[in-house]
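Down below is the structure, laid out as structure tokens.
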């Protein structure tokens, strides 16, 4: 069965020593027979408000034993810290499919638009409509407007789904990349959902610390499962740094507590995550 993992730039350098590129060599808990697929997405970001919000999470040089994880920014952006979660998909584990979509597949970065969507087709059709989660792994937003981005899916059927990467109000979204994972809806010992700060408070009442305990809706696990958790939505004021981290706590065979947090003077209007739980 597959597993999950996460890392953060603070494992390589302190937040007050920001760097354009931070990499780490990740070793799998046990080698695979062939290089696996490790889709990954952001679980933390801390970027200066004095330049555009630019960040990218990648997995490169994937082998049977591990891969090179990177968390990067570019141009004049200052990335104090970041984190990413990944999901290790064994190459023969064909029940799961994954991929990614970039707004630049639809239009160039210098022609930003509020809404972008694309029909995604599965490499192999499912027997029944699968479950699909989506999450952010790259973004580029203008520093002079509020930072708002949302990624979601719609119209899921056995052949594919529509993926959406949107913003709203005055936000200028130059580009973004979303990753996705699909699996059979009747697959045992797998649970997924989305969670939002809107589950615990209204967006007009921003606060730094947000959490909620959830159950796995009857999905049975025989031991404490692994959790993949990545950001799918955020809304921050540009009057302070963009700071967000998400995590799971109190994970048991029946549920977990999610946390979506900010700190300092950041104005955390709202946020959301995708959660995938596997045995």
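Annotations
- Whole-angstrom gap from the stretch 263-279 to the stretch 29-44, using each part's C-alpha centre: 22
- Rg over Rh, two decimals, the stretch 196-279 (C-alpha only, Kirkwood Rh): 1.03
- Sorting 56-62, 269-275 by their mean Cβ neighbour count within 10 Å, with the most densely packed peptide first, gives 269-275, 56-62.
- The order of the peptides 29-42, 82-95 by mean Cβ neighbours within 10 Å, most packed first, is 82-95, 29-42.
- A full extension of the chain between residue 94 and residue 207 corresponds to an added length of 36.6 nm, given 0.36 nm per residue minus the alpha carbon distance.
- Relative contact order, whole percent, for the stretch 196-279 stands at 44, derived from Cα pairs under 8 Å and 6 or more residues apart.
- Spatial offset of the stretch 99-115 relative to the stretch 126-144 amounts to 13 Å, using the alpha carbon center of each.
Each reported figure results from applying straightforward, stated rules to the coordinates on display, with no laboratory input. The model shown is predicted, which means the values in this text are computed figures rather than measured ones. As a convention, Cβ positions derive from the backbone with ideal geometry for all residues, glycine included, and neighbour counts pool all protein chains shown.
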